[in-house]
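One structure below.
Please treat every number below as a calculation from the coordinates, not as lab data. Source: prediction; values computed, not measured. Counting neighbours? That spans all protein chains shown, and the Cβs are built from the backbone with ideal geometry, glycine included.
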Amino acid sequence: MSWIVLAVSGVLEAVWATALGRSEGFTKLWPSVVFAVALVASMGGLAWAMREIPTGTAYAVWVGIGAALTVVVAMVGGAEPVSVVKILLILGLVGCVVGLKIVSDTH
């Protein structure tokens with residue numbers, strides 16, 4: 001269950017990072033609200049998952065999921081240029097996240 005919560009928290013990291021950019025320095029209400037709610041939920045989920053998953057592994061997976069999804073959302077939305085190299089690097093990042101799950105021993 002901790003891994004599921006961690007993955008959802010990583011997705012929420014991408015949500016709050018995207019909302020932060022769209023809030024334009026917290027001058028837009030709804031993106032700012034989405035940012036705050038997603039941030040609290042993401043951090044709460046990370047903290048909960050870290051009860052069973054080692055800190056370094058949990059944090060790396062959380063950041064990896066959030067970073068990969070944030071870039072993908074930006075590329076799909078046209079805010080980030082798409083290139084084969086970027087796609088390969090994102091796939092490598094996802095591969096590293098999967099690898100951490102495979103080799104992880106929860107305590």
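Which count do you get for residues in region 12-30 that are surrounded by fewer than 18 Cβ atoms within 10 Å (Cβ to Cβ) and in a helix (DSSP H, G or I)?
Of the residues in that region, 4 qualify.
Looking at region 65-104, which of its residues are closer than 21 Å to Trp48 by Cβ and touching a Pro at 6+ places or on another chain (Cβ under 8 Å)?
Ser104, the sole residue that qualifies.
Can you find even one residue in region 42-51 that is part of a loop (DSSP other than H, G, I, E, B) and at positive phi?
no
Limited to region 73-104, what total is found for residues that are under 22 Å from Gly45 (Cα atoms) and either in contact (Cβ under 8 Å) with a residue 12 or more places away in the chain or basic (Lys, Arg) (or both)?
The number of residues fulfilling the criteria is 8.
Mind listing whichever residues of region 47-79 are surrounded by 14 or more Cβ atoms within 10 Å (Cβ to Cβ), closer than 17 Å to Leu100 by Cα and among the hydroxyl-bearing types (Ser, Thr, Tyr)?
Listed by number, the residues that qualify are Thr57, Tyr59.
Please enumerate the residues belonging to region 52-96 that are part of a helix (DSSP H, G or I), β-branched (Val, Ile, Thr), over 19 Å from Leu6 (Cα atoms) and more than 13 Å from the chain's Cα centre (by Cα).
Scanning region 52-96 gives Val76, Val84, Val85, Ile87.
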